[in-house]
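Enquirer: Before we start, here is the structure in question, set down as structure tokens.
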Amino acid sequence: MIKRKIVLHFPHEQVDKPIVSKLVRDYDMEFNILKASITPREEGLMVLELSGEQEDYDHGLDYLRDCGVSIQSLSQDIRRNEERCTHCGACTAVCPTRALYVDRDSMEVVFDQDECVACELCIKVCPPRAMEIQY
Amino acid sequence: MRKTIAEINEKIRKGEAAVVTAEEIIDLVADKGVEAATRSVDVITTGTFGPMCSSGAFINLGHPKPRIKIQRAWLNEVPAYSGIAAVDVYLGAAEVAENDPLNSVFPGEFSYGGGHVIEDLVTGKKVRLRAEAYGTDCYPNRHWEAEVGLEDLGEAWLYDPRNSYQNYNVGVNLSDRVIYTYMGVLRPRLGNANYCSAGQLSPLLNDPLFRTVGIGTRIFLGGGIGYVAGHGTQHHTDVPRLSTGAPSRPAGTLAVTGDLRGMSPRYLTGYSMLGYGATLAVGLGIPIPVLDPEVVKAAAVTDDDLVAPVVDYSNDYPQGTGNVLGEVTYAELKSGSIRIEGREVATSTLSSYHRAREIAETLKEWITSGRFTLTHPVQLLPCEARGGEGGGLNDQA
């Protein structure tokens with residue numbers, strides 16, 4: 001049983017198709033939609049937490065790729081510009097998953113990408129704007 | 001046991017001065033006692049790094065040909081005050097770019113302001129100058145545009161009317177909606193608590209009665225050298241105090257100044273406070289000369305001993321009621337949660353303790369290596385609790 005957070009980019013022509021439901025029906029997977037958006041006349045974007053058996057997971061992802069959906073792992077999407085971060089801690093007040101937290105010894109703000117669900121709350125709250133989004 | 005600043009400077013010049021940070025003095029006093037620490041230490045360094053809105057820069061732009069008496073000026077579209085001599089301007093850290101949508105789409109982002117221009121200048125970037133004038137016989141030019149960097153300017157001095165607040169509020173929100181303040185985002189119904197002080201490392205909390213810092217004190221400012229110009233705006237020293245002398249409310253402040261040349265974006269960082277405005281995070285560190293045991297005792301203060309008032313920013317602060325919900329120690333604040341009205345509330349800060357440490361360490365290195373000597377204040381700052389409206393230091397160096 002594995003659990004991964006991934007970002008799906010749906011091409012313009014696939015936006016109106018029930019693609020994700022097939023993952024449940026045919027590949028026995030569970031999903032949790034963390035974020036979804038469709039830009040008019042552009043592509044669809046969905047941040048999913050997917051879980052299931054490794055074999056089903058691999059086949060499910062193959063199916064998504066066959067549909068023309070491009071897949072990115074979530075951890076690559078929210079990044080911290082280390083040069084700009086001043087370790088003030090303002091972001092830790094809004095981060096819902098404690099992906100951003102203060103190490104009490106060093107008093108540095110730690111960014112744990114594994115815990116990040118890409119909610120983007122930190123992006124505008126960060127005073128020096130060190131948190132960057134890359135979809 | 002008494003020392004003078006002249007004696008301490010002599011040791012600094014010989015490379016023999018013993019310098020510790022305001023964190024290190026805590027352990028030293030705990031181990032060896034105040035008297036021994038007074039004998040063995042010459043200087044205690046402090047540091048703080050946080051948003052300080054009352055900051056800005058006086059800039060002389062130099063004259064174009066023909067000359068101009070500037071009436072209105074913008075740097076990267078951020079308006080600069082030009083109601084002073086012909087090509088002198090004051091760029092305020094909290095000024096926002098001319099075309100900024102402000103809070104019209106709430107909460108506004110305030111992506112670029114005067115603080116960002118100052119950061120760009122010390123980074124070595126060019127900024128776009130636009131100036132308008134009505135024209136006079138001696139200054140006929142009416143319009144001037146140029147790309148200017150720090151090297152193109154005449155004088156460029158940081159001049160901050162209020163920095164380094166001695167203690168500060170802990171902001172919370174008792175209302176039912178999210179609020180966006182200069183204390184950061186405050187979630188409803190005591191969702192979080194934000195503080196903004198370096199506590200035991202904070203310059204003015206280590207010299208609570210202003211016994212050593214005064215007009216002319218040389219300091220670490222923005223990564224370069226600065227000076228205390230005087231007490232800052234809203235310098236209130238007639239406030240409730242703990243037995244250590246430390247204020248339990250926001251109290252004294254400093255006006256500081258220093259040449260922008262030599263400063264660094266690491267310690268002068270443009271900030272955007274969501275829904276509030278643009279500002280500048282300033283790094284500032286003050287060396288405290290170990291003149292007598294009283295100085296050491298005050299500087300050995302710990303986060304356990306320092307308290308801050310918890311204030312509601314949904315009603316009490318904006319309405320100016322003066323109501324305080326309670327007091328918490330900096331040790332509690334730095335632990336990550338505090339108790340308010342029986343509830344556990346997560347804390348975060350806008351003041352980077354990590355960078356405050358870096359500043360205290362840097363200043364320590366400057367002094368130890370003999371590059372930075374102490375100055376004798378021309379006059380101490382007013383402080384009711386010390387008794388006296390300024391005056392000189394007790395010792396005569």
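Every number in this text was worked out from the coordinates using simple rules, so none of it is lab data. Bear in mind the structure is a predicted one, so any value in this text is a computation, not a measurement. For neighbour counting, all protein chains shown are included, and Cβ atoms are generated from backbone atoms with ideal geometry for every residue, glycine included.
Enquirer: Place a point 7 Å from the Cα of A:MET1 along the Cα-to-Cβ direction; which residues of the range A:26-58 have their backbone N under 12 Å from it?
Expert: So the set is A:30, A:51-54.
Enquirer: Mind jotting down the distance between the C-alpha centroids of the range B:7-80 and the range B:247-278, whole Å?
Expert: 12
Enquirer: Here's something else I'd like to know. Once R0 is set to 45 Å, what does the formula 1/(1 + (r/R0)^6) return for the Cβ-Cβ distance between B:ASP176 and B:GLN234, expressed as a FRET efficiency to the nearest 0.05? Provide the component values of the computation, followed by the final result.
Expert: On the way: r = 31 Å, r/R0 = 0.69.
Efficiency computed from Cβ-Cβ geometry: 0.90.
Enquirer: If you don't mind, there's one more thing I want to ask. Within a Cβ distance under 13 Å of A:MET46, other residues only, what is the Lys/Arg minus Asp/Glu net charge?
Expert: Details: positive: A:LYS5, A:LYS17, A:LYS35; negative: A:GLU43, A:GLU49, A:ASP77.
Cβ neighbours under 13 Å give a net charge of 0.
Enquirer: Determine, for each peptide in B:225-235, B:151-161, B:344-354, the mean count of other beta carbons within 10 angstrom over its residues, then list the peptides with the highest first.
Expert: B:344-354, B:225-235, B:151-161
Enquirer: Continuing with the same structure: Which whole-number value in Å³ per residue fits the convex hull of the alpha carbons of the range B:119-211?
Expert: Dividing the Cα hull volume of the range B:119-211 by its residue count gives 234 Å³.
Enquirer: Just need the relative contact order of the range B:186-246 here, percent rounded to a whole number, with Cα pairs under 8 Å and 6+ apart. Before the final figure, lay out the partial values.
Expert: Working: 36 pairs, mean separation 13.8, N = 61.
About 23 percent, as a whole number.
Enquirer: Taking the Cα centre of each part, how many Å lie between the range B:168-227 and the range B:313-368?
Expert: 7
Enquirer: Something else now. Using alpha-carbon pairs under 8 Å, 6+ residues apart, how would you state the relative contact order of chain B in percent?
Expert: Relative contact order, chain B: 25 percent.
Enquirer: Now for a different question. Go through B:365-372, B:69-76, B:316-323 and give me the packing order, highest mean Cβ count within 10 Å leading.
Expert: With the highest mean Cβ count within 10 Å placed first, the list reads B:69-76, B:365-372, B:316-323.
Enquirer: Mark the label point 7 Å from the Cα of B:ARG2 along Cα→Cβ and return the residues of the range B:199-222 whose backbone N is within less than 15 Å of it.
Expert: Under 15 Å, as judged by backbone N against the label point of B:ARG2, lie B:212 of the range B:199-222.
Enquirer: Which number comes out as Rg/Rh for chain B once both Rg and the Kirkwood Rh are worked out on C-alpha atoms? Could you put the intermediate results ahead of the total?
Expert: Working: Rg = 22.1 Å, Rh = 22.1 Å.
Expressed as Rg/Rh, it is 1.00.
Enquirer: Can I ask one more? Rounded to the nearest 20 Debye, what is the dipole magnitude of the protein assembly as shown about its Cα centre when Lys and Arg each give +1 and Asp and Glu each give -1 at the C-beta?
Expert: That gives a dipole near 1340 debye.
Enquirer: Given a cut-off of under 8 Å on Cα pairs at least six residues apart, what relative contact order in percent is computed for chain A?
Expert: 25
Enquirer: If R0 is 41 Å, what FRET efficiency do you get for A:ALA36 and B:ASP31 from their C-beta distance, rounded to 0.05?
Expert: Efficiency, from the Cβ-Cβ distance: 0.10.
Enquirer: Work out the mean other chain Cβ neighbour count within 10 Å for the residues of B:352-361 and drop it here as an integer.
Expert: Numbers: counts 9, 8, 11, 5, 2, 4, 1, 0, 0, 0.
Mean number of neighbouring Cβ atoms from other chains: 4.
Enquirer: On full extension of the chain, what length is gained from B:HIS63 through B:LYS297, given 0.36 nm per residue of separation minus the C-alpha to C-alpha distance?
Expert: That works out to 79.0 nm of additional length.
Enquirer: So how far apart, in nm, are the two label points at B:ARG128 and B:ARG343 if each is 7 Å from Cα heading toward Cβ?
Expert: It is 4.7 nm.
Enquirer: Using 0.36 nm per residue of separation minus the Cα-Cα distance, give me the extension gain between A:ARG79 and A:GLU49 in nm, one decimal.
Expert: Gain in length upon complete extension: 8.9 nm.
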